[in-house]
Structures are given as structure tokens and as C-alpha cells.
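Chemist: Submitted below is the structure of interest, expressed as C-alpha cells.
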Amino acid sequence: MNQSELDVTALIAAQHGRIRALFHTAMEAEPADRAASVDVLRRYLALHEAAERVALHGVGRARGLSSADEAARRVIEEDELATGFDHLAGFSPDDPFFVHQLGLLEEAVGFHAEDEESKELPAFLATAPSGDIDRLASMLARVDATFLADGSAAVAGSTMAEQVAAAADVLREG
Ligand SMILES: [Fe+2]
Ligand SMILES: [Fe+2]
């Protein structure tokens, strides 16, 4: 692997690790803190998924790379996850269903991330032009920079799909 390929692989793995940690924090939070923890998780996840949508899944499908079929599956999963997060917002954080649903989302995101790392990304890296790999690396780097700088402004929206769309606009401009 060249440096860009190593960068992308490490960035995706690190972001998936951060998402796992944010899920853990939200699952362990006291009921009074749970909504705020989920809000942070949603903001980070929206930025991460937006970068993948634009620079990984979108490019793989548009260019017909060998990652295209996996990319199509990941987009469907991300849509389902977004619906799941919206569903969660309809329940009180101290409702047992809230934690149950959050646990299901945690599991689903885990499988989704694993397939991105083990199936889609290797296929993408094997066939994508180097400019696309560099662009994915810079998009992913902007995820963390944006989250740390002002994550809430970057991911405005009431539904998760709106948050992902807002995040994609910010990441494209960056
Ligand atoms: Fe994803
Ligand atoms: Fe991901």
C-alpha cells in the first residue's frame, strides 16, 4: 500500500473506533445524560457517513469500480440506520425501548463498519484512481476537524438524513 492508501485505511478504522466509543458512552450514560450523548454520536456519525457517501460509496458507484456492489449495500444500510436513529428520537431516553433500540443500532453500525473495512474499502483501493483515494483521505480528515471545530453547526437538521446532507455540504466546501 502507498501512503494515501495507508492513510485512508487508518482514518476509516480510527473513525469506526470513535463511533464504537461514542455508542459505548451513550449506552452507559445515565438517563439524564443519554439524549446529549446520542446527540454527539449522531453528529459524528452524520459527518462520517457523509464523507463515505460522497468520496467512497458515491465514487465507487459512479466510476463502476469493483467496490460498486458493496457501496450500494452500504448506502442501503446507512439509510436504514438513519431511519433507526429517527425512530429513536420519538422515545424518551429513560424508556427501556430507547436503550434497546440504541443497542440494535450499535450492532448494525458494527456490522456495517466491518463490511466497509473488510470488503468495500479494499476493493475501492485496488481500483480507484489515486486522485479519488487522496480525496477520500482529505474528506475523512475533515470529518474530525469539523467535529472538533463546530460539529453542531455542520450537521443541522431534524432527521438523520438531513444531518448527513448538511454534513456533506460542509465537507465538500472544506
Ligand atoms: Fe458507512
Ligand atoms: Fe464507516
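Chemist: What is the distance in Å between the Cα centres of the stretch 14-76 and the stretch 134-174?
Modeler: 11 Å
Chemist: Moving to a separate point now. Express the relative contact order of the chain as a whole percentage, based on alpha carbon pairs under 8 Å and six or more residues apart in sequence. Present the calculation step by step, with values, prior to reporting the outcome.
Modeler: On the way: 179 pairs, mean separation 59.8, N = 174.
Rounded, it is 34 percent for the chain.
Chemist: Continuing with the same structure: Calculate, for the chain, the solvent-accessible area per residue in square angstrom, rolling a 1.4 angstrom probe over the heavy atoms of the protein chains.
Modeler: Values: 8080 Å² over 174 residues.
Averaged over the residues of the chain, the accessible area is 46 Å².
Chemist: Quick one: pull the percentage of alpha-carbon pairs in the chain with a separation above 24 Å.
Modeler: Details: 4910 of 15051 pairs.
Considering the chain, 33 percent of its Cα-Cα pairs are separated by more than 24 Å.
Chemist: Mind putting a number on the dipole of the stretch 3-173 about its Cα centre? Charges go on the C-beta only, +1 for Lys and Arg and -1 for Asp and Glu, and I need it in Debye to the nearest 20.
Modeler: Details: 14 positive and 31 negative charges, 87 e Å.
About 420 debye.
Chemist: How much of the accessible area of the stretch 74-124, probe 1.4 Å, is carbon plus sulfur, in whole percent? Working shown, then result.
Modeler: Numbers: 1470 of 2470 Å².
Taking all protein chains in place, the stretch 74-124 shows 59 percent carbon and sulfur surface.
Chemist: With everything on Cα atoms, drop me the angle between helix 68-88 and the longest principal axis of the chain, reported from 0 to 90° to the nearest 10.
Modeler: Relative to the chain, helix 68-88 is tipped by roughly 10 degrees.
Chemist: Also, quick follow-up: What value, in deg cm²/dmol to 500, does the helix sum -39500 (n - 2.57) over DSSP H runs of n ≥ 4 give at 222 nm once divided by the residues of the chain? All intermediate terms of the calculation are to be shown ahead of the outcome.
Modeler: On the way: 8 runs with 140 residues, N = 174.
One gets -27000 deg cm²/dmol as the mean residue ellipticity at 222 nm.
Chemist: Using alpha carbons only, how many degrees (0 to 90, rounded to 10) separate the axis of helix 31-52 from the longest principal axis of the chain?
Modeler: Approximately 20 degrees, to the nearest ten.
The values are calculated or read from the model by the stated rules, or taken from the named source; none is laboratory data. Computed from a predicted structure; not experimentally measured. Reconstructed Cβ throughout: ideal geometry from the backbone, glycine too, with neighbour counts over all protein chains shown. We work out accessible area using only protein heavy atoms, side chains counted, and drop any ligands, DNA or RNA first. Shrake-Rupley method; radii C 1.70, N 1.55, O 1.52, S 1.80 Å.
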